[in-house]
Each structure stands twice: as structure tokens, then as C-alpha cells.
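> This is the structure I want to talk about, given as C-alpha cells.
None of the figures in this text is laboratory data; all of them are computed from the coordinates on show. The structure displayed is predicted, hence computed values, not measured ones. Counting neighbours? That spans all protein chains shown, and the Cβs are built from the backbone with ideal geometry, glycine included.
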Amino acid sequence: MTALHICYVITRSDVMGGASVHLLDLAEGMQQAGHRVTILVGGEGIVNERAAARGLTILPLQHLVRPIHPWHDVCCWFELRRQFRRLQPDLIHLHSSKAGLVGRAAAIGMGIPVLFTAHGWAFTEGVSTASSLLYRVLERAAAHFCDAIITVSEYDRQRALKLRVATPALLRTVHNGIRPVELDARPQRNKLVMVARFEQPKDHQLLLQAVALLKGDWQLQLIGDGPLLSDAKITAARLGLTDRVDFAGARSDIAVQLAEAGIFVLLSRWEGLPLTVLEAMRAGLPVVASDVGGVPELVKNQQNGFLVPNNPPAVADALQQLLDNPQLQQQYGAHGKQLFLRDFTFARMLSDTENIYLQLSGAATPVLPVDAGSKP
């Protein structure tokens with residue numbers, strides 16, 4: 001078995017978003033497969049706590065911050081170079097836009113293979129024109145200083161090609177994958193659930209406006225926290241939805257909560273390949289989701305759910321169809337679970353990613369994937 005020392009870098013430690021969940025799952029899987037893993041993260045927060053609980057080595061970086069900040073960014077460049085020299089990893093795997101940009105610059109001239117995963121481009125459709133242009137220029141320059149770029153959706157790979165951000169040889173699509181879990185499902189058919197941080201690009205305001213149009217018996221659970229939570233609570237009160245909307249906060253038992261729901265919703269202005277939709281498919285839930293980014297690679301319209309434009313009547317119509325038709329709920333949910341088990345398992349993602357590691361590092365013999373099962 002060829003064992004590697006892999007150094008992961010991610011920007012934020014203060015939130016458990018899709019990129020951080022993905023990174024911790026991937027790092028744990030690689031460690032279980034026999035590789036050595038070190039994680040570098042900006043600051044200290046929940047990501048550090050979750051990593052330590054999984055037995056992963058994680059080190060905080062003082063100057064890796066999310067906003068563009070010239071002084072911190074220059075200091076971070078030196079900080080990362082010191083860590084790369086000290087650790088001497090066989091491969092550096094960067095996650096999130098800021099870590100991807102500074103990390104690639106810091107690794108220049110070190111002779112270490114560098115891989116970057118784009119969890120949805122910062123220049124995707126829906127992002128402001130100025131921000132999109134800035135990040136397109138930065139990503140095009142940074143692409144010269146890495147050995148491969150993973151996109152978590154084919155949509156993102158095609159967008160990078162269309163905008164000439166990177167060459168076809170550099171870009172690899174590896175769809176996100178999550179571990180299967182076995183739970184005693186007790187679904188409440190009229191319970192809608194959205195799992196998402198109250199922060200852009202998620203659109204809780206749109207969902208509240210849509211459910212206000214629904215007829216009959218329904219309840220909505222919103223799982224997550226974030227800076228826009230108070231605004232959502234004000235909107236729910238204004239629309240007279242206080243008794244129907246449960247603001248459940250951040251939770252660690254997402255799989256259990258989904259097993260008790262009937263319909264999953266994710267409304268966003270832009271997306272990469274959202275893990276929460278995969279979690280809903282794994283739970284056998286029909287999905288109503290915004291038709292953006294890589295979402296259509298998960299949600300097949302009128303097969304395992306509905307792809308909707310971002311306007312309240314369209315969202316309400318899709319939800320009402322599912323609320324009014326239990327058989328359709330069950331049919332779409334079962335098909336979504338089949339798609340998950342066929343195309344989006346953790347074992348498949350781990351194996352595909354590991355093969356890229358081995359190619360970049362020059363190793364010849366791949367390590368066999370570990371058992372993909374886990375407890376929620």
C-alpha cells in the first residue's frame with residue numbers, strides 16, 4: 001500500500017458549511033485508508049472541535065481569513081510556507097476560494113503537488129458582476145500554480161472551461177458523496193425541512209414567501225443558524241407563520257431530522273453540489289430545489305423532485321403538488337435514494353479522489369476504499 005502525507009487547507013473554522021463537512025469526511029476517510037493527514041484552518045472554532053473529535057490532526061492559522069485583506073493575506077502566505085516546509089507533505093489539497101488562492105501562491109517553488117477543490121466557483125452565475133470578474137481573474141492566474149482542480153459538479157467544470165479559467169487537462173469532476181446511514185424512518189408527510197445556513201447564497205426569505213401561499217396542513221422546519229436568522233424570524237412573524245415555522249437552530253442530528261420529514265427544500269441563488277440535497281436523497285425525501293449550479297445533477301425534474309425558478313408561486317406550486325399527493329412523495333423519494341446509492345456514495349468519492357492523489361504524487365498502487373458505512 002502506498003501511504004501519503006496529505007495536507008488539507010480550508011479557510012473558515014467558525015462554521016460547518018458544505019466545504020468543511022466535505023473536507024472532514026474526506027480527511028477521515030483518507031486517514032482510515034492508511035494515509036497521514038494534517039489539516040490547516042483559519043482560526044479556531046467548530047471545525048477544529050469536529051476534527052479533533054474524529055482523531056484528525058488540525059492546526060490553526062492566525063492570518064487565513066475569508067475577506068480579501070492585504071496585510072493578513074501576505075502574512076498568511078508566509079505562515080503557509082512555514083507550515084509546508086515544516087510538514088513536508090506528499091500532496092497539498094486546498095479547499096474554498098481564499099485558501100485555494102493563497103495556498104497555491106504559498107506552494108510555488110516547493111516541488112509539492114497541489115490540488116484545489118472548487119466548492120462552487122466565486123464567479124458562478126448569480127454572483128455580482130464585480131465580484132465575479134475579480135475572482136475569475138484571480139482563479140485564472142492561480143490555475144497556473146496547481147497540478148489539478150477538482151470541481152464538485154460538471155456544471156462548475158464547464159463554467160471554468162467556458163470562461164477559460166483552466167485547461168481541460170487540469171479540471172476533474174468528482175461529485176460529492178456521503179456515507180449511507182440506516183435509520184428507522186418515521187416521516188411526517190406534511191413536514192417540510194430546509195437545512196442551510198442563514199447566509200448568502202441561501203434564500204430563506206423566498207421560501208417563507210412561498211409557504212405563505214400554501215393551502216392545507218403543513219409545518220416547516222428550518223435547520224441552521226447564521227447572520228440572517230433574525231431577518232427570517234421577522235419575516236415569518238410578518239407573514240403570520242410563527243406557529244407553522246420551527247427555527248430549529250444548528251443541529252448535529254441532521255440525518256435523524258430528515259428521517260422524520262416528508263419533503264426537503266433548498267432555495268439558493270447559486271450552488272456547487274449541495275451536500276444537504278444528497279442527505280435528503282439518502283433519507284428518501286423528494287426534493288424541491290432552485291434550478292442553479294450543479295443542483296440539476298442531483299435533482300432530476302419530476303423524477304426525484306422539482307427544479308424550480310426562484311419565485312414564490314413556482315416554489316409554492318411544487319410544494320403543493322407534493323403535499324397533495326402522498327404517492328408522488330413516495331415515488332420521488334424512492335427514486336432519489338436509488339440515484340444516491342448509484343452515483344453519490346462516499347466510497348465512490350473517496351476512491352475517485354484518492355486516485356487523483358496517487359496520480360499527482362507519482363504513486364503506482366492505489367489504496368482500496370474503506371468501508372463506507374457510518375453512524376449518523
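> Can you give the calculated 222 nm mean residue ellipticity of the chain, where each DSSP H run of n ≥ 4 adds -39,500 (n - 2.57) and the sum is split over every residue, rounded to the nearest 500 deg cm²/dmol? Don't skip to the end; give the middle numbers.
Working: 13 runs with 153 residues, N = 376.
Roughly -12500 deg cm²/dmol at 222 nm, from the helical runs in the chain.
> If I build a Gaussian network model for the chain, linking alpha-carbon pairs within less than 10 angstrom, which residue out of R348, R179, R50 has the largest mean-square fluctuation?
Judging by the Gaussian network model, the answer is R50.
> Let me ask something else. Where does the Debye-calculated log10 I(q)/I(0) of the range 191-343 sit at q = 0.11, 0.13 Å⁻¹, using only Cα point scatterers of equal weight, no solvent?
-0.36, -0.51
> Residue by residue, what Karplus-based ³J(HN,Hα) values in Hz, rounded to whole numbers, does the range 171-180 have, using 6.51, -1.76 and 1.60 with θ = phi - 60° and x for Gly and Pro?
Couplings: 8, 10, 8, 10, 4, 4, x, 10, 6, x Hz.
> In debye to the nearest 20, how big a dipole does the chain give about its Cα centre with +1 on each Lys and Arg Cβ and -1 on each Asp and Glu Cβ? Numbers along the way, then the final one.
Values: 36 positive and 34 negative charges, 127 e Å.
Dipole about the Cα centre, nearest 20: 620 debye.
> Mark the label point 7 Å from the Cα of E49 along Cα→Cβ and return the residues of the range 1-39 whose backbone N is within less than 20 Å of it.
10-25, 28, 39
> What list do you get for T38, T129, T353, T57 if you sort them by fewest beta carbons within 10 Å?
Least to most surrounded, the residues fall as T129, T57, T38, T353.
> Amide H of V37: which non-local residues (sequence gap of 5 or more, or other chain) have their own amide H closer than 5 Å, using H built in the peptide plane?
Amide H to amide H, under 5 Å and 5 or more residues apart or across chains, V37 pairs with I6.
> What spacing in nm lies between the two simple spin-label points modelled at Q88 and D243, each 7 Å away from Cα in the Cβ direction?
Going by the 7 Å Cα→Cβ label model, 6.9 nm.
> Now for a different question. Using only Cα atoms, locate the centre of the range 223-301 and the centre of the range 62-101, then give the distance between them in Å, rounded to an integer.
Between the Cα centres of the range 223-301 and the range 62-101 lies a distance of 32 Å.
> Just rank E354, E271, fewest to most, by other beta-carbon atoms within 10 angstrom.
The most exposed by this proxy come first: E354, E271.
> I've got another one for you. Which residue fluctuates most in the GNM of the chain (Cα springs below 10 Å): L241, L183, L273?
L183
> Among V287, V193, V74, determine the one that fluctuates most according to a GNM of the chain built with springs between C-alpha atoms less than 10 Å apart.
Looking only at V287, V193, V74, the biggest GNM fluctuation is shown by V74.
> Under the 0.36 nm per residue contour assumption, what length would be gained going from the current alpha-carbon distance of S131 and D14 to full extension?
39.8 nm
> In addition: If you stretched the chain out fully between L183 and F145, how much longer would it get, using 0.36 nm times the residue separation minus the C-alpha to C-alpha distance?
Contour length minus Cα-Cα distance gives 9.2 nm.
> How do C146, C76 line up, fewest other C-beta atoms within 10 Å first?
So the ranking, lowest neighbour count to highest, is C146, C76.
> A follow-up question, please. Between D291 and Q200, with labels modelled 7 Å along Cα→Cβ, what's the label distance in nm to one decimal, could you check?
Placing both labels 7 Å along Cα→Cβ, they lie 2.4 nm apart.
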